[in-house]
Amino acid sequence: MTESTTNRERERAGNSEMPRQWLEKPERIAGLLIGTAVGDALGLPYEEISRRRAKRLFPGKLRHHFLFGRGMVSDDTEHTFLVAQTLLDHPDDLERFIRKLAWRLRWWLMRLPAGIGLATAKAGLKLWCGVSPKRSGVFSAGNGPAMRAAIFGAVINDREKRHAYVKTSTQMTHTDSKALTGATAVAEIAALCIRCGLRDQPRHEVVTDLLLDIEPQDEAWRDLVVQMKYGWENHSTVMQFADRLGLHKGVTGYVYHTVPVAIYAWYRHFGDFQRTLEAVIECGGDTDTVGAIAGALAGATVGESGIPQDWIKGIWDAPINVTLLRKTAEQFAELHGHVRYLWPLSIPRNVLFLLIVLWHGFRRLLPPY
């Protein structure tokens, strides 16, 4: 991308002058990756709890509740990391990228991850049976592809190339066109944050035009974007926006629920990572995924330094942890290949993770109701 092109994009976003404290791209990528992990870990204990019950179980300000005041990540962060590793290996070869991502997904499935989505599990089994990654997807509009899409926007500058990578990643597990639209929307918002170096909130017309351009023939998607614009113009809260989508009982795993709520919160609380995460988790439902996506977009805006440090330090996990994600972000500046880590630790870690999830399930049977 030429310098003149970048300047034109900044002008469209209402950000034509580069701020003195403009964040460097590696800092924003670190913010995206770590923001994903923070949103994932914070949202996980709240998953599928009603709004009223969540306030009773977890009173006070938002903090880690998964394990003695600490947090662990789930498949949302793990998939983002797998995509990042594969992009480091093959940033310019789409065919080799998708084969390597399919290979990583197969072995990730063998590590017994807890909470894996049904569509992703079916696709992984098809891959193990020898089905090509171009035909392994199942018809589903789940939010799996969207949860791993932000990193494409962070590191791929060319729009057509970015769309091609998002499409192959999406269709490897999900073939419903809505899954692709949602994943592309997440990637494009991340690209807007990082490509234009956003520090000031862009005009909402810029964001809505960008979103409408993704799938202009999809009436359901157009209606969602119109509702986002209406909410931003009328200063509606994130919960009010979610309620207008019929999500009074929480944000579902349907991509046309998860992605609009995450993007709405990112813009509604632009530049405020803490309030963005509080707003989406307050909505209830699939809180780890909507938290991960909102955390990725907010993190790409403010960088790692804009994420509350107690939320970052509160993540207790291995082998995928904050240090590994930070190293991965740094590696994108050099493009020397993926970051090595002790992946065999994933198996005992996943056993522990499953036990903790089961304990949370038992805890929900007890008061306060």
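Scanning region 324-355 for residues that are surrounded by 15 or more Cβ atoms within 10 Å (Cβ to Cβ) and among the β-branched types (Val, Ile, Thr) returns Thr328, Val339. Checked across region 293-305, the condition of being under 28 Å from Lys61 (Cα atoms) and touching a strand residue (DSSP E or B) at 6+ places or on another chain (Cβ under 7 Å) holds for no residue.
Just one of Val186, Val225, Val255 is crowded, with 22+ Cβ neighbours inside 10 Å and closer than 19 Å to Arg28 by Cβ; which is it?
Numbers: Val225 fails: closer than 19 Å to Arg28 by Cβ; Val255 fails: closer than 19 Å to Arg28 by Cβ.
On inspection, the qualifying residue turns out to be Val186.
Residue count for region 74-105 under the criterion of being more than 18 Å from Arg135 (Cβ to Cβ) and either touching a Pro at 6+ places or on another chain (Cβ under 7 Å) or acidic (Asp, Glu) (or both): the result is 6. Quick check on Trp316: is it under 21 Å from Lys61 (Cα atoms), surrounded by fewer than 18 Cβ atoms within 10 Å (Cβ to Cβ) and touching a residue at least 12 places away in the same chain (Cβ under 8 Å)? When the stated conditions are applied, Trp316 passes them.
Residues that are over 17 Å from the mean Cα position of the chain (by Cα) and surrounded by fewer than 17 Cβ atoms within 10 Å (Cβ to Cβ): which helices (runs of 4 or more DSSP H) entirely in region 56-175 hold 2 or more of them? Walk me through it before giving the result.
Working: elements: 75-89, 94-110, 118-128, 144-147, 150-155, 159-171.
Helices (runs of 4 or more DSSP H) meeting the threshold: 94-110, 118-128, 159-171.
Of all residues in region 300-330, those satisfying the criterion of being within 15 Å of Ala154 (Cα to Cα) and either out of contact with any Cys (no Cβ under 9 Å at 6 or more places or on another chain) or of a type in the set (A, V, I, L, M, F, W, C) (or both) are Ala300, Val302, Gly303, Glu304, Leu325, Arg326, Thr328, Ala329, Glu330. You will find that of Gly284, Gly253, Gly246, Gly291, the residue that is within 14 Å of Thr36 (Cα to Cα) and either out of contact with any helix residue (DSSP H, G or I) (no Cβ under 8 Å at 6 or more places or on another chain) or of a type outside the set (D, E, K, R) (or both) is Gly291 and no other. The helices (runs of 4 or more DSSP H) falling completely within region 254-369 that include 2 or more residues that are more than 20 Å from the chain's Cα centre (by Cα) map to 346-363.
With Ser136, Ser169 as the choices, which residue is without any contact (Cβ under 8 Å) to a residue 40 or more places away in the chain and either in contact with a helix residue (DSSP H, G or I) (Cβ under 8 Å, 6 or more places away or on another chain) or small (Gly, Ala, Ser) (or both)?
On the way: Ser169 fails: without any contact (Cβ under 8 Å) to a residue 40 or more places away in the chain.
The unique qualifying residue is Ser136.
Taken over region 221-259, the criterion of being in contact (Cβ under 8 Å) with a residue 12 or more places away in the chain and aromatic (Phe, Trp, Tyr) is satisfied by Trp221, Trp232, Phe241, Tyr254, Tyr256.
Among the residues making up region 152-209, a single one is touching a Leu at 6+ places or on another chain (Cβ under 7 Å), of a type in the set (Gly, Ala, Ser) and over 28 Å from Gly337 (Cβ atoms): Ala185.
Of the residues examined, Leu212 is one that is surrounded by 13 or more Cβ atoms within 10 Å (Cβ to Cβ), out of contact with any Cys (no Cβ under 9 Å at 6 or more places or on another chain) and either modelled with pLDDT under 95 or among the hydrophobic types (A, V, I, L, M, F, W, C) (or both).
The values are calculated or read from the model by the stated rules, or taken from the named source; none is laboratory data. Since this is a predicted model, take the numbers as computed values, not measurements. Every residue, glycine as well, gets a Cβ built from its backbone with ideal geometry; the counts of neighbours run over all protein chains shown.
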